[in-house]
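The values are calculated or read from the model by the stated rules, or taken from the named source; none is laboratory data. The model shown is predicted, which means the values in this text are computed figures rather than measured ones. Neighbour counts run over all protein chains shown; Cβ positions are idealised from the backbone, glycine included. Heavy atoms of the whole protein, side chains included, go into the accessibility calculation; ligands, DNA and RNA do not. Shrake-Rupley method; radii C 1.70, N 1.55, O 1.52, S 1.80 Å.
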Amino acid sequence: MTDAMKELYDIFKEESKDKWIKEGRKEGVINTLLMLVKDGMISVEDAAKRANLSVSTFQKYLNEKM
């Protein structure tokens with residue numbers, strides 16, 4: 001592998017890792033909000049707002065997890 005190709009590979013690898021970490025965090029936040037909604041601690045509207053999702057999208061997550 002040439003040095004330039006290795007550098008591009010390393011950059012892509014780090015960007016992919018960051019994306020996975022961000023996606024994992026987002027999934028964790030959504031799961032936590034789903035539990036709070038199920039426990040009646042916050043409304044679907046508040047949870048959707050905190051997850052930066054539309055109410056209908058958050059409701060789909062909620063329906064899938066129930």
Next on the checklist: Quick check on my filter: what residues within the stretch 32-52 are modelled with pLDDT of 90 or more and outside any helix (DSSP H, G or I)?
Outcome noted: 39, 40, 41, 42, 43
Checklist entry - So how many residues does the stretch 32-52 have that are open to solvent by 40 Å² or more (accessible area, probe 1.4 Å) and without any contact (Cβ under 8 Å) to a residue 24 or more places away in the chain? => result 12
Next on the checklist: Looking only at the stretch 53-66, filter to residues that are in a loop (DSSP other than H, G, I, E, B) and hydrophobic (A, V, I, L, M, F, W, C); which one of those is surrounded by the most Cβ atoms within 10 Å (Cβ to Cβ)?
Outcome noted: 53
Checklist entry - Can you tell me how many residues in the stretch 11-31 are at pLDDT below 75 and either open to solvent by 70 Å² or more (accessible area, probe 1.4 Å) or not hydroxyl-bearing (Ser, Thr, Tyr) (or both)? => result 11
